[in-house]
Each structure stands twice: as C-alpha cells, then as structure tokens.
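Here is the structure we will look at, set down as structure tokens.
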Amino acid sequence: MAAKRHVIVGGGTAGWNAITAIREIDKGASEITLVADEAPYARMVLPYYLGRQIGESHVTTAGPQRLAALKVAARLGRRAARADAAGSKLVLDNGDEVPYDDLLIATGSSPVRPPVPGAEGANVHSFWTLPQARAVSGGIKPGSRVAMIGAGFIAFTILNALVSRGARLTVLEIAPRILPRMVDDAAAQIVQGWLEARGVVVRPGVQVTAIEDKGGAKVVKLKDGPPVEADLVIMATGIRPNLGWLEGSGVEVKAGVVVDARMRSNVPNIYAAGDVAEGPDRVTGAKAVHAIEPTAVQHGRVAGANMAGREVAYPGSLLMNIVDVLDLEIASFGAWDDAGAEAAVDLRADRPAYRKLLFRGGRLVGAILLGRTREIWATNDVGMLKGLVYTGKDLSAWKARLRARPQDIRLAYLATGTARELLPQTLLGGPSVPERDVTVNA
Amino acid sequence: MRVLKIIPERCTGCMRCELACSYEQTGTFQPSKAVIRVSSFEGHTSYAPYTCPQCAEAWCLTACPVEAIGISPAGAKEVADDICVGCKLCTIACPYGTVFYDPDSHKAFKCDLCGGKPACATVCPTQAILYVEAGTEDWLASFAAERALPAALAGAR
Ligand SMILES: Cc1cc2nc3c(=O)[nH]c(=O)nc-3n(C[C@H](O)[C@H](O)[C@H](O)COP(=O)(O)OP(=O)(O)OC[C@H]3O[C@@H](n4cnc5c(N)ncnc54)[C@H](O)[C@@H]3O)c2cc1C
C-alpha cells in the first residue's frame with residue numbers, strides 16, 4: 001500500500017501539533033507535506049520577544065532540521081490558494097498542485113483594522129506576526145509615546161513588554177470597558193484603576209475616527225474627546241480567521257470551518273484545527289471558534305491522531321485566558337459572561353481582589369479570578385477553577401458554601417473527587433509524549 | 001514509576017513538607033513557593049498535603065508553546081527555566097492547580113519530584129508522604145469528602 005499523503009496548511013500551533021501527533025503515532029510511515037507562508041513559530045510568545053526576555057530564535061517551534069528529522073516536506077513561503085476537494089488536491093499560490101489523501105486546514109487568523117483614514121499609514125502596526133513584532137520592537141525607544149488601539153486580550157499580552165521598554169502608553173477602547181471579551185465590568189474597573197495608578201492612560205468608550213501625521217508624530221483623532229499624540233500606534237482591534245482561500249471548495253464554513261469531534265469538516269478527508277476551526281465547546285456543547293492557544297494545541301493533536309488512523313474523539317475545548325499586567329493577575333474560564341447563570345461574587349474593598357463563580361444549577365460554568373500576582377500564586381486556585389469548570393462536577397451540595405465564600409474553592413475541589421475524575425482522561429488515549437521526544441523510524 | 005503517595009490520615013499538619021519543598025525549590029524557606037500545599041479541614045484537626053499527580057495527559061507539557069516542559073528521568077513533568085517564558089499557559093491548562101508561577105523569577109514551577117529524591121517525603125515525620133512504586137491516584141478525595149461536609153460549612157465565615 002502506498003504511504004498515506006497528509007497535507008498540512010499552516011505551520012503555527014495547530015499545524016505543528018498535528019504534525020507531531022501524526023509522527024508520534026505512525027513513526028514516519030506516512031508522507032507529510034507542510035504548506036505554510038511562514039516558518040513554524042509560536043506567535044503567542046512574541047510579547048516576550050518584544051520585552052527582550054527572549055531572542056528571535058526562541059519563538060521558533062521547528063527549524064529546517066527538526067522538520068527534516070520528522071520527515072516533513074516543507075513548502076515554506078508558499079500559500080494555499082485553493083482546495084480542490086473533488087480532486088483531493090491543494091492548489092498553491094504559484095499554481096503548483098499538491099495531491100493529498102487528507103488535508104488539514106490550520107491557517108489561523110489575521111489581525112483586522114477598523115476602516116478609518118490613516119489606519120494603514122506609517123508607524124501604525126498590528127502585533128500578530130514575527131515581522132510585525134520586529135517592527136514594533138524596532139520602533140520603540142525609552143520615552144516613546146505609544147497609542148494602543150484596542151484593549152482586548154492581545155493588547156494586554158504586550159502591555160508589560162511595552163512598559164518595560166520604557167514606552168508611555170495610552171490605551172483606547174471603543175467598548176465601554178477594557179478587556180470586554182475576557183472579564184466583566186467589576187474586574188475591568190479594577191484593572192483600569194491599577195493601570196492608571198501606574199501611569200498608563202486608559203480611555204474606554206472612545207471611537208477612533210482617523211489617524212493623522214503631524215511633524216513625524218501620529219495623531220489619533222477620536223469622536224468622543226481630545227486627540228491622542230503618539231510616536232507609534234498599535235492596532236489590536238481584533239482578528240479574523242483565514243478562510244478566504246476556501247471559497248468555492250465545498251468545505252462548510254460558518255464563523256470558522258465547522259468540524260466534528262474528530263476535527264473533520266463536512267468533507268470527510270478535510271480536517272481543520274486551531275483559530276480557523278469551529279469546534280465543540282466543552283461548556284456550552286455548541287460549536288465555537290475560540291482562537292486561543294490551548295484550543296489550537298488540542299485541535300491539532302486530535303486532528304493529527306485521527307489523520308494517522310487513531311480514532312480519537314475530542315471532548316471539547318474550554319475557553320480560558322490568563323494575563324498579568326504590572327503584577328495584577330487576571331484570568332477567566334468558560335462562560336464567565338453567562339447572563340443567565342447564578343453568580344457568586346467576592347469583591348474586596350481593601351485590595352485588588354475579585355472572584356466570580358457562575359453556576360448553572362449545580363455546575364460551575366465559568367469563573368473570573370483577579371488579584372495581585374503574588375497573592376494568586378500562593379494558592380492552587382487557578383488550576384483548580386479550571387478543573388471544576390472543565391469537569392462540570394456536580395457542586396450542588398457545595399453551592400451554598402461557595403456562594404458564601406467564593407474565594408474558598410479548595411475543599412470543594414478535593415472533596416468532590418475532581419482529580420479522581422480527571423486522572424484517567426487522556427486526549428489521545430495514552431500518556432502524552434513531549435514533542436521533542438517524537439522520532440521517526442530510519 | 002515511583003510517585004508521591006499521600007496517606008492523609010497520617011498527616012499532622014506540621015507543614016515540614018511545605019518548608020522542605022520550598023527550600024529545595026528556591027533555596028529559602030517560603031511556604032508560598034512550595035509546590036506541595038497542605039489543606040486543613042475546619043473543625044476536624046485534619047490536614048492533607050496535595051501536589052502534582054504527574055498525570056498521564058501532562059496538560060502543562062502539551063500546552064507549553066515553547067516546549068519548556070519535559071519528562072525528567074524520574075518521570076516528573078519538569079519546567080526548564082531557561083526555556084520557560086512565563087506565559088502561564090501551563091497554569092491554566094493544568095486542571096489540578098499544581099503548576100505555579102514565580103513572580104520573582106517570572107517562570108512557571110511545579111513538582112519535579114526533586115530529581116527522584118523528593119524532599120517532602122524525606123522530611124515527613126509520620127510517613128504521610130511516601131515515594132513509592134505505584135499508579136498515581138487521587139489520594140485525598142475520600143478523606144476530604146468525609147471531613148469537608150459542605151452543609152456544615154455552608155454558612156461558616
Ligand atoms: C501577541 C500574541 C499573544 C498571544 N497570547 C496568547 C495567550 O497568552 N494565550 C492564548 O491562548 N493565545 C494567545 N495568542 C493566540 C494564539 O497565538 C493563537 O490562538 C494560536 O497561534 C492559534 O494557532 P493556529 O495554529 O490556529 O494559528 P497560527 O499560529 O496563527 O498559525 C497559522 C499559520 O498559517 C499560515 N497561513 C495562513 N494562511 C495560509 C495560507 N493560505 N497558506 C499557507 N499558510 C497560511 C499563517 O501564516 C500561520 O503561520 C496570542 C497571539 C498573539 C499574536
């Protein structure tokens with residue numbers, strides 16, 4: 001039998017995890033072709049590159065040697081232009097055709113900018129790719145005035161780096177609060193106060209109308225207030241999955257490529273994973289695009305295993321984020337914004353500490369956690385909250401207690417046997433193998 | 001593989017495991033930097049140490065974007081400080097609450113079984129923590145269920 005031909009489009013988190021999962025299982029028996037316009041790297045560590053904690057090579061997940069060692073034929077610098085599902089071949093931007101037995105769509109997302117005049121001008125940057133990170137890094141000097149447009153999660157991942165590089169920062173957000181898709185009002189208030197006390201200007205509820213040039217500087221015009229002058233503008237105004245190339249392919253696309261529990265699209269030999277995939281959500285049971293790293297990792301591993309012939313059903317992803325800004329830790333899990341859930345809240349007046357637990361019946365469906373970094377890590381709470389939301393443990397007996405003391409989750413976690421339920425669970429049906437230990441047969 | 005087997009009935013709450021652990025991990029006695037944590041059970045004079053079960057899924061390891069977490073010769077999931085960037089993804093991936101973040105070094109840290117000589121087990125005076133050949137288990141669930149009665153605790157402040 002001829003070796004199976006797997007074609008992976010996109011070498012980011014999802015694509016790379018699929019490749020290692022395939023090799024973990026088949027030890028090199030199949031052919032893998034990677035088509036990617038960028039060399040494989042982990043974009044989510046770019047903030048640490050900006051902060052000069054790591055060099056450029058540190059973001060790379062697989063260089064040429066590693067790809068060769070895993071017997072991956074890499075077509076780097078090439079884009080997939082079209083998928084011919086009926087003919088089972090991929091058409092590249094240079095017209096080359098790559099036939100496949102199965103195809104993985106792992107093309108991630110791209111940043112989007114609001115359509116305001118000047119949005120594409122000089123010294124206006126997105127922060128999503130390595131070249132963009134280089135450009136921002138090269139544009140900052142101690143004392144530089146930086147206007148950050150957008151106060152979402154991605155913007156927040158680079159705040160520490162910008163401050164540590166000596167930037168003077170103004171954060172502009174169109175929504176009435178910062179971090180609108182990560183935390184609620186109460187948490188956003190605390191974070192805003194914390195940043196302001198540390199010299200960051202934060203202006204939620206403002207709309208950018210234009211970005212103009214004035215003697216080498218940028219002027220960000222607002223509909224709702226005085227303009228902001230800056231040396232450099234960062235646009236962190238959201239992302240959109242890279243789906244355009246699938247038009248006309250017959251692959252079903254909603255917010256992302258709709259996939260089943262095996263990460264398979266409506267076309268049986270086409271899979272999708274990561275930011276571009278709309279897969280099962282653990283809490284809601286519905287399908288969703290999560291666009292977070294842990295989901296991309298798990299999607300990639302499950303897709304890879306199924307492509308390699310190991311039937312693996314994905315139990316679904318949990319939406320979750322964690323970020324710290326100037327030593328304030330902020331995390332949220334699951335349906336933290338479920339308006340129909342019962343909320344248990346603990347908000348401290350004496351210090352920045354906030355906790356919100358969201359219940360549907362006896363089940364914890366979401367949580368928000370906020371506190372000084374030092375205080376948060378003196379507990380086991382971050383992971384335990386994840387475990388409680390992830391397992392959906394029946395906490396009916398504990399609800400009164402948790403409502404009275406949302407800060408005290410440890411006993412509920414231990415006594416309900418959450419760890420006992422979790423320990424036998426593995427994503428691929430056995431102990432995980434570190435990527436670096438995956439090898440192929442000679 | 002040898003694992004940390006915890007027999008909570010034997011724990012007296014002396015906290016030596018936390019102290020020894022933090023000393024081994026950081027070179028100073030700081031229980032807030034221990035990766036084994038002792039819980040107390042109100043009204044029961046009962047205590048139980050809790051640490052990383054070295055689970056098969058290795059959530060922390062698979063989540064790491066820079067492959068900073070590997071498996072040590074002792075079988076522990078171990079963070080390589082020089083590779084870790086401190087993004088904390090492992091801490092939210094882990095559903096056990098046993099991966100921590102060190103605000104001083106800006107790195108993740110967790111139980112590494114002290115390279116095969118776990119300090120917590122060595123110092124435990126009552127042998128509530130054993131380092132033995134065994135399958136990993138939830139050592140605390142029944143003990144905690146018996147002692148942490150949610151109804152009795154409900155109103156407690
Ligand atoms: C600054 C920053 C910080 C972040 N921090 C976090 C965090 O703390 N936590 C978190 O959960 N997530 C974070 N993320 C998000 C996380 O990085 C993404 O969710 C993750 O990278 C998604 O993986 P992916 O494989 O789906 O896509 P990507 O990693 O984006 O990979 C997709 C690849 O496909 C390539 N590609 C696209 N179209 C084509 C085509 N037509 N042909 C060939 N190749 C193509 C792209 O160039 C890219 O290399 C962060 C992202 C950024 C930018």
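Coordinate-derived values only; no laboratory data. Since this is a predicted model, take the numbers as computed values, not measurements. Every residue, glycine as well, gets a Cβ built from its backbone with ideal geometry; the counts of neighbours run over all protein chains shown.
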Exposure proxy check on A:S137, A:S249, B:S72: fewest-to-most Cβ neighbours within 10 Å is B:S72, A:S137, A:S249
With the label point 7 Å along the Cα-to-beta-carbon line of A:D338 and a cut-off under 20 Å to each amide N, the hits in the range A:361-395 are A:361-370, A:382-395
Calc'd 3J(HN,Hα), the range B:24-29, phi into Karplus 6.51 cos²θ - 1.76 cosθ + 1.60 (θ = phi - 60°), Hz, glycine/Pro = x, comes to 5, 6, 10, x, 9, 8
Residue-normalised 222 nm signal for the protein assembly as shown, counting each DSSP H run of n ≥ 4 as -39,500 (n - 2.57), nearest 500 deg cm²/dmol, is -6000 deg cm²/dmol
Any lysines whose Cα falls less than 17 Å from that of A:K218, other than same-chain ones fewer than 8 residues away, would be A:K141
Scattering profile of the range A:284-380 from the Debye formula, Cα beads only, expressed as log10 I(q)/I(0) at q = 0.18 Å⁻¹, is -0.94
Length-normalised contact order of the range A:356-399, Cα under 8 Å, at least 6 apart, in percent, tallies to 47
Stretched fully, the stretch from A:A286 through A:T60 gains (0.36 nm per residue minus C-alpha distance, one decimal, in nm) 78.0 nm
The relative contact order of chain A, taking Cα pairs under 8 Å that sit 6 or more residues apart, comes to a percentage of 16
Averaged over the residues of A:404-410, the number of partner chain Cβ atoms within 10 Å of each residue's own Cβ comes to 3
Per the Cα gyration tensor, the range B:74-113 corresponds to an equivalent ellipsoid with semi-axes, largest first in Å, of 15, 13, 9
Taking A:194-200, A:164-170, B:15-21 and ranking on average Cβ neighbours within 10 Å, highest first, one gets B:15-21, A:164-170, A:194-200
Ordered by number, the chymotrypsin sites (Phe, Trp or Tyr not before Pro) in the range A:330-409 that occupy a DSSP loop and have at most 10 other Cβ atoms within 10 Å are none
Contact order relative to length for chain B, counting C-alpha pairs under 8 Å separated by 6 or more residues, stands in percent at 32
Rounded to the nearest 0.05, FRET efficiency between A:R351 and A:E252 (Cβ-Cβ, R0 51 Å) equals 0.55
Whole-number value, in Å³ per residue, for the convex hull of the alpha carbons of the range A:124-237 is 96
If N is the residue count of the protein assembly as shown, its Cα Rg over 2.2 N^0.38 Å rounds to 0.98
A chain fully extended from A:Q407 to A:R374 at 0.36 nm per residue, minus the present Cα-Cα distance, gains in nm 10.3 nm
The pairs in A:K254/A:K287; B:K88/B:K110; A:K27/A:K71; B:K33/B:K88; A:K386/B:K88; A:K386/B:K33 lying past 18 Å Cα-Cα in this model are A:K386/B:K33
1/(1 + (r/R0)^6) with r = Cβ-Cβ of A:K223 and B:Y23, R0 = 56 Å, i.e. FRET efficiency to nearest 0.05, evaluates to 0.45
The computed P(r) of chain B puts the percent of Cα pairs beyond 22 Å at 42
Once both label points are put 7 Å beyond Cα along the C-beta direction, the A:A69-A:D185 separation in nm becomes 5.4
